[in-house]
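As structure tokens, the structure follows; a few thoughts come after it.
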Amino acid sequence: MKKILLGIMLFSATQMFAQSPKFTAAMSAALQQLKDASTPEAMIALEAKFERIADAEKTEWLPYYYAGTLKTRLSMQHAGGDPDKLADDAAVLAAKADSLSPKNSEIYCLKSMVASSKLLVDPQSRWMQYGAESNKMLEMAKKMDSTNPRPFVLQAIGLKNMPEAFGGGCTRAKPLAEKAAKLLAAFKPKSELSPLWGKDIVDSILEDCK
């Protein structure tokens with residue numbers, strides 16, 4: 001019996017280590033494509049690819065995270081389908097990622113983006129609900145990891161795009177962008193697959209807000 005159990009354990013360990021390079025290779029290739037995915041068609045195809053990776057690697061949160069970010073981008077651009085449904089689909093992906101990696105700052109940034117994409121479907125009627133939800137998720141993301149630049153990136157771009165009459169504009173966005181820039185310069189990703197985005201957004205804000 002002991003030999004049987006040992007054999008099962010060794011087989012499981014072998015499978016686990018055999019899958020890891022395959023997962024890394026698939027994710028690396030998808031992340032390379034992500035850099036150039038600027039059209040709705042490219043984003044739709046890539047989002048489906050991340051979901052296929054997630055379905056194959058059911059214990060990994062990162063493919064759900066990247067699929068969710070693409071869904072929010074499509075929703076915000078009103079491309080690739082109904083923006084409300086795209087945002088709802090992104091929320092499901094964020095929940096799956098959260099179930100695999102609870103209290104993860106990056107996932108709470110995704111949850112904030114989901115709320116923002118819901119808001120943008122109908123800003124006038126949804127501002128109170130989803131604006132508050134988006135900000136709440138960002139504050140939680142900061143508490144979970146004070147070194148993560150992305151909550152500050154998202155706050156900065158949100159304020160930059162908000163009219164001054166509603167408390168936005170460069171005066172409020174620039175200090176957050178400057179803080180995000182410092183955090184981005186010091187940030188150490190946990191792996192080669194970890195989120196790294198934000199620099200282009202921050203550079204654009206700082207250029208516009210000179």
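Where a number appears in this text, it was derived from the coordinates with a stated rule and is not lab data. Being a predicted model, the structure only gives us computed values, none of them experimental. Backbone-built Cβ (ideal geometry, glycine too); neighbour counts: all protein chains shown.
General observations
- Over every Cα atom in the chain, the radius of gyration and the widest Cα-Cα span, Dmax, amount to 19.0, 73 Å.
- Among A87, A37, A141, residue whose mean-square fluctuation peaks in a GNM of the chain (springs only between Cα atoms under 10 Å): A37
- Within the chain, the cysteines lacking any other cysteine Cβ closer than 4.7 Å to their own Cβ are C109.
- Dipole check for the chain: with +1 at the C-beta of Lys and Arg, -1 at the C-beta of Asp and Glu, and the Cα centre as origin, the magnitude is about 780 Debye.
- Available extension along the chain between Q77 and T171 is 31.2 nm, counting 0.36 nm per residue and deducting the alpha carbon span.
- At an R0 of 25 angstrom, the distance between the Cβ atoms of S146 and L196 translates into a FRET efficiency of 0.90.
- Label-point separation in nm, R52 to A29, each point 7 Å along Cα→Cβ: 0.9
- Computed helical MRE - 222 nm, the chain, DSSP H runs ≥ 4 contributing -39500 (n - 2.57), nearest 500: -24500 deg cm²/dmol
- The Kirkwood hydrodynamic radius of the range 95-210, based on inverse pair distances between different Cα atoms, is 14.6 Å.
- When each of K49/K160; K49/K179; K103/K199; K35/K143; K35/K136 is checked by Cα-Cα distance, pairs over 27 Å: K49/K160; K49/K179; K35/K143; K35/K136
- In plain terms, the residue of D36, D98, D203 with the fewest other Cβ atoms within 10 Å comes first and the most crowded comes last, giving D36, D203, D98.
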